[in-house]
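Inspection log for the structure reproduced underneath, given as structure tokens.
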4 protein chains.
Amino acid sequence: MTDKNTDKRSALLSATLDLVSNHGFHNTPMAKIAKLADVSAGTIYNYFSNKQDLVDSLYLHIKDEFTNAAFQGYDEEKPVKEGVKLIWFNMIEYKMSNPKQANFLSQCENSQIVSASVREQALQHLQPLLDLWERGQEEEIIRDVSPYLLYAYAVYPLSFFVAVKKRDEFHLTQEMQQHSFEMAWSAITTK
Amino acid sequence: MTDKNTDKRSALLSATLDLVSNHGFHNTPMAKIAKLADVSAGTIYNYFSNKQDLVDSLYLHIKDEFTNAAFQGYDEEKPVKEGVKLIWFNMIEYKMSNPKQANFLSQCENSQIVSASVREQALQHLQPLLDLWERGQEEEIIRDVSPYLLYAYAVYPLSFFVAVKKRDEFHLTQEMQQHSFEMAWSAITTK
Amino acid sequence: MTDKNTDKRSALLSATLDLVSNHGFHNTPMAKIAKLADVSAGTIYNYFSNKQDLVDSLYLHIKDEFTNAAFQGYDEEKPVKEGVKLIWFNMIEYKMSNPKQANFLSQCENSQIVSASVREQALQHLQPLLDLWERGQEEEIIRDVSPYLLYAYAVYPLSFFVAVKKRDEFHLTQEMQQHSFEMAWSAITTK
Amino acid sequence: MTDKNTDKRSALLSATLDLVSNHGFHNTPMAKIAKLADVSAGTIYNYFSNKQDLVDSLYLHIKDEFTNAAFQGYDEEKPVKEGVKLIWFNMIEYKMSNPKQANFLSQCENSQIVSASVREQALQHLQPLLDLWERGQEEEIIRDVSPYLLYAYAVYPLSFFVAVKKRDEFHLTQEMQQHSFEMAWSAITTK
DNA sequence: AATGAATGAGTTTTCATTCAT
DNA sequence: TATGAATGAAAACTCATTCAT
């Protein structure tokens with residue numbers, strides 16, 4: 001019972017991800033989601049109260065997945081640079097291996113697809129990275145600037161790689177990933 | 001006559017900018033655009049062949065305005081760093097003074113709002129910056145990496161500032177702009 | 001379930017027939033069809049993919065009904081003249097008893113209301129009559145001319161009676177039908 | 001002045017004929033007519049009170065042209081069969097040489113494009129043919145049936161040839177025209 | 001819980017007609 | 001008379017959501 005419930009819910013989230021990441025929120029009718037999830041249109045409303053709720057839930061789910069991936073193998077004892085590097089590579093790895101998820105998150109960054117409240121909620125996931133940066137600042141390894149600036153140069157550029165990859169303009173090779181990390185680190189470090 | 005022509009066209013572009021930047025492409029019905037432009041719904045189609053054409057035209061117009069602003073005062077004789085700095089501050093200045101335009105451009109980056117052909121067309125505007133980067137690479141001042149990487153760290157982060165400013169989360173002060181440029185420069189330079 | 005399905009589909013086809021035969025394809029908005037069928041406007045699109053599909057479906061349906069009526073009681077063993085006569089009277093009988101259907105078919109003859117492909121599809125229904133004519137030609141009872149000519153004189157004139165009847169100009173009595181058949185037969189026979 | 005007037009009026013009628021015969025009444029916007037006639041949209045309303053009036057005028061004009069052609073060389077002294085033959089060949093000649101006009105008339109036959117009153121008005125043009133038939137009936141050369149029947153078999157089939165020719169299905173050769181006339185004559189004569 | 005037909009408000013777009021110039 | 005931009009009502013079609021089964 002519970003399993004079945006979970007199954008349908010997951011199928012719906014997965015279908016939504018597929019369609020929204022490929023065609024955008026507003027080009028994704030509920031009917032198509034239902035069809036792809038192999039479920040009746042009305043059934044969606046047993047699991048989500050409306051389309052907004054469905055997308056918000058998906059956003060939270062993916063953000064969670066993404067953050068879990070990002071902090072995989074991370075522990076707070078690590079030296080700052082090593083920590084930043086681990087997280088950065090975890091992030092790019094996740095985004096490259098999960099293009100639909102990455103694309104969906106990208107779309108959510110600059111649009112009003114996701115409710116404001118949900119977006120805020122998702123911000124908290126990043127706390128360990130904020131803490132790490134703070135430690136770096138105390139150790140005078142990381143520039144003493146607002147975390148917004150650090151985010152803009154260390155995390156945000158990843159979205160760009162996803163966007164251009166999607167359009168088949170450009171693919172980030174392993175070597176480029178190394179360079180890219182060096183650039184990110186140069187941006188945020190004091191050294 | 002010509003004036004009136006231009007007037008209505010401009011009013012329509014301006015109304016579209018307002019509404020799309022605030023509510024997104026798909027939450028902006030033609031009827032609302034017409035209303036805000038103080039024009040009848042049918043009139044739109046005297047100036048644009050359809051909604052897509054209207055948005056594409058707006059995109060090209062703003063991209064043009066943005067690039068003009070970006071290269072204001074720039075000449076190719078300038079030393080590389082000076083040139084990069086000038087352009088970078090021009091860009092941030094434009095985006096901060098024209099939040100609606102900046103927001104609209106941001107929305108276009110990661111979505112399929114704008115036709116592929118039009119987006120490509122707009123890319124050419126950036127050529128002087130690509131040329132400058134290339135010169136910087138010849139002079140071994142700028143990292144020898146793909147321009148996509150340079151863009152990701154030197155230009156793309158500006159969109160983030162726009163997005164968070166829009167949500168009143170964070171405002172980039174003059175001082176922060178200085179820091180931010182230093183970060184961008186550190187990312188892309190070899191020094 | 002199935003019944004209800006069929007019911008609404010039929011109601012829609014019937015409403016379309018009514019309105020198109022009275023006011024023409026382009027003076028028949030979907031909204032009116034929906035209203036007459038006692039159905040919401042959106043419901044039409046559960047049964048037909050668009051207006052063209054609705055009209056094409058109606059055309060096929062009626063053509064089918066008409067051809068069934070035309071060949072009622074016909075068998076290939078009959079002498080040629082008897083066969084032609086039977087079919088001819090079946091046709092006029094159908095058209096006189098089903099003026100809306102007859103009128104709809106008439107409208108389709110000379111306009112581009114119906115898709116070319118669908119019209120072709122419907123042509124095949126006439127095959128038995130073409131075969132009969134061919135037999136008649138082999139037996140040298142029927143003029144050795146293109147079936148188009150035979151059609152023009154033996155079948156096409158029926159549309160005229162429908163058209164004028166519709167305008168209440170003229171009604172074809174039983175006696176006139178006899179004369180009319182004699183005229184048709186005189187036109188196509190060699191005797 | 002008058003000339004110019006007439007010129008524009010003619011240009012408008014001609015443009016309407018072109019467009020309506022190719023695309024049908026309802027697929028022919030006033031704007032297109034104006035453009036093809038090299039005239040402003042508003043100007044149409046100096047010559048015709050509305051779209052219906054424009055089409056009605058065109059219908060009368062063409063019907064007039066057609067009837068003139070039909071009775072070319074005809075005089076009432078001619079023997080009946082000769083007269084019928086002359087008129088019949090005049091008609092087919094006109095229709096084959098003026099496919100746009102013929103097609104337009106065909107479209108008007110079975111639809112509500114033309115106002116009822118105008119259609120009636122046009123009927124009177126046929127009077128000489130009706131008179132000829134009547135003479136034929138007095139001379140017992142032509143079947144003693146309603147002129148509607150005579151029309152259905154002697155004139156109406158011509159519309160069919162136009163319709164199929166338009167669709168490139170079938171072209172009536174000179175030889176076929178001979179056969180066709182024989183069929184028409186067989187239908188209406190007593191002999 | 002699950003279904004999916006039905007809804008009807010909302011969307012883009014067209015077009016006959018008007019009217020200020 | 002001629003223009004053609006402007007109008008706005010109406011058209012075809014979409015889709016989130018509901019509800020009887």
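Key figures for this structure:
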{"quantity": "Accessible-area composition of the protein assembly as shown, carbon plus sulfur, in percent [1.4 Å probe]", "calculated": "49"}
{"quantity": "Area accessible to solvent at D:S40, 1.4 Å probe radius, in Å²", "calculated": "70"}
{"quantity": "Helix C:174-188 vs. chain C, principal-axis angle (Cα, 0 to 90°, nearest 10)", "calculated": "60"}
{"quantity": "Ratio Rg/Rh, restricted to chain D and using Cα atoms, in which Rh is the Kirkwood radius", "calculated": "1.02"}
{"quantity": "Residues listed by number, the range C:132-164, amide nitrogen under 17 Å from C:N27 label point at 7 Å toward C-beta", "calculated": "C:163-164"}
{"quantity": "Helix B:157-166 axis, angle to chain B major axis (alpha carbon atoms, nearest 10°)", "calculated": "50"}
{"quantity": "Sites A:E76 and A:D53 - FRET efficiency at Förster radius 45 Å, r taken between beta-carbons, to 0.05", "calculated": "0.80"}
{"quantity": "Two-site FRET efficiency, D:L123 against D:T190, from Cβ-Cβ distance with R₀ of 22 Å, rounded to 0.05", "calculated": "0.30"}
{"quantity": "1.4 Å probe, heavy atoms, protein only - residues of the range D:164-189 losing at least 30 Å² accessible area vs chain alone", "calculated": "D:R167, D:E169, D:F170, D:H179, D:M183, D:S186, D:A187"}
{"quantity": "Per-residue mean of C-beta atoms belonging to partner chains within 10 Å, peptide C:139-148", "calculated": "3"}
{"quantity": "Residue of C:T67, C:T173, C:T16 that the Gaussian network model of chain C assigns the largest fluctuation, springs spanning Cα pairs under 10 Å", "calculated": "C:T173"}
{"quantity": "Heavy atoms of C:Y59: accessible area, 1.4 Å probe, square angstrom to 10", "calculated": "10"}
{"quantity": "Cα coordinate range in the range A:1-48, projected on the principal axes (Å, largest first)", "calculated": "33, 17, 16"}
{"quantity": "Chain D, relative contact order in percent, only Cα pairs under 8 angstrom and at least six apart counted", "calculated": "20"}
{"quantity": "Between 0 and 90°, nearest 10: helix A:2-23 axis offset from chain A longest Cα axis", "calculated": "70"}
{"quantity": "Label spacing, shortest first and in nm, from B:S10 to its equivalents in the remaining copies (7 angstrom along Cα→Cβ)", "calculated": "4.7, 5.8, 6.4"}
{"quantity": "Ellipticity estimate at 222 nm from DSSP helix runs (n ≥ 4, -39,500 (n - 2.57)) divided over chain A, nearest 500", "calculated": "-22000 deg cm²/dmol"}
{"quantity": "Delta accessible area of at least 30 Å² on complex formation, residues of the range A:9-45, 1.4 Å probe, chain isolated as reference", "calculated": "A:H26"}
{"quantity": "At 7 Å out from Cα toward Cβ: D:E65 inter-copy label distances (nm, ascending)", "calculated": "3.9, 5.3, 6.9"}
{"quantity": "For the range B:52-188: accessible area per residue (Å², 1.4 Å)", "calculated": "42"}
{"quantity": "Computed FRET value (nearest 0.05) for B:E140 with A:D168, which takes r as the C-beta separation and R₀ as 41 Å", "calculated": "0.85"}
{"quantity": "Number of partner chain Cβ atoms within 10 Å, mean per residue of B:156-162", "calculated": "6"}
{"quantity": "Cut-off under 5 Å, modelled amide H: who pairs with A:T189 long-range", "calculated": "A:R143"}
{"quantity": "Projected label distance in nm at C:K100 and A:D7, using a 7 Å step from Cα toward the beta-carbon", "calculated": "4.8"}
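The values are calculated or read from the model by the stated rules, or taken from the named source; none is laboratory data. Being a predicted model, the structure only gives us computed values, none of them experimental. Here the Cβ is made from the backbone with ideal geometry for all residues, glycine too, and neighbour counts use every protein chain on show. The protein model used for the area step is the full one, side chains on, heavy atoms only, and it has no ligands, DNA or RNA in it. Shrake-Rupley method; radii C 1.70, N 1.55, O 1.52, S 1.80 Å.
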